[in-house]
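Written out below as structure tokens is the structure these notes cover.
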Amino acid sequence: MSADYQLKLAPQTLETADAKAKPLLEQANAKLGFVPNMYQGMAKAPGVLDTYLHGYDLFRQDSGFTSPEQEVVFLTISYLNGCGYCMSAHSMLADKMSQVPADVLEAIREGKAIPDPRLAALSEFTRVMFETRGKPGQADVEAFLAAGFEERQVLQIVLALAVKTLSNYSNHLNHPELDDAFAGHAWQG
């Protein structure tokens, strides 16, 4: 099996970014206190980073999912895509900021059954949406709704899939080094 391809384009940093990428990186730096290596890679095509940041913010603000539920969605997608960088970053967010129960986080990171029924239903529906390319069956949606979610949140899962596809696939191509902020939660599939 051949090694994964790695883009040869240099990452865009605050010092080297072009006129389209620089404001996006400055915005990230102001919000986070640093520019994640993932963003520097995505900024090689500023539309990718801009679309990611916009969609990510909309999901965080308007999805109707709680903060722990949002992390479960992002972690499930990143796990299914085998993205070590995003698994590490969202594991840190889940642990330090979103109050995802430790046993739930551990289960997702290890690909095991999630002990919380509602979060398990959310992760399972996210997996179904991922694996069916957005074509869940009637029973899949009914199980999602029976767990207490709303039908409009099915479309929010589509938004999360789009956002994580941008970041996961970009990371597969860029191979960003894990930032120190996420190193304590490093994950390898």
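The values are calculated or read from the model by the stated rules, or taken from the named source; none is laboratory data. The structure presented is a predicted model; accordingly, all values stated were derived computationally and were not measured. Positions of Cβ are generated from backbone atoms using ideal geometry, with glycine treated the same way; all protein chains shown enter the neighbour counts. In case anyone asks, the SASA skips ligands and DNA or RNA and just uses the protein heavy atoms, side chains included. Shrake-Rupley method; radii C 1.70, N 1.55, O 1.52, S 1.80 Å.
Averaged per residue, the stretch 1-87 has 50 square angstrom of accessible surface, using a 1.4 angstrom probe with ligands and nucleic acids left out.
Counting Lys +1, Arg +1, Asp -1, Glu -1, what net charge surrounds Tyr169 among other residues with beta carbon under 15 Å of its beta carbon? Summing Lys and Arg as +1 and Asp and Glu as -1 gives +2.
At a threshold of 8 angstrom on Cα-Cα distance, excluding pairs fewer than six apart, so keeping six or more, what relative contact order does the stretch 70-189 reach in percent? This gives 41 percent for the stretch 70-189.
The angle between the Cα long axis of helix 67-81 and the main principal axis of the chain comes to about 70°, on a 0 to 90 degree scale. Rolling a 1.4 angstrom probe over the chain with all protein chains present gives an accessible area of which 55% lies on carbon and sulfur atoms. Comparing Cα centroids, the stretch 10-27 and the stretch 126-189 end up 27 angstrom apart.
In the context of the full set of protein chains, residues of the stretch 132-183 present 56 Å² of accessible surface per residue (probe radius 1.4 Å, heavy atoms only).
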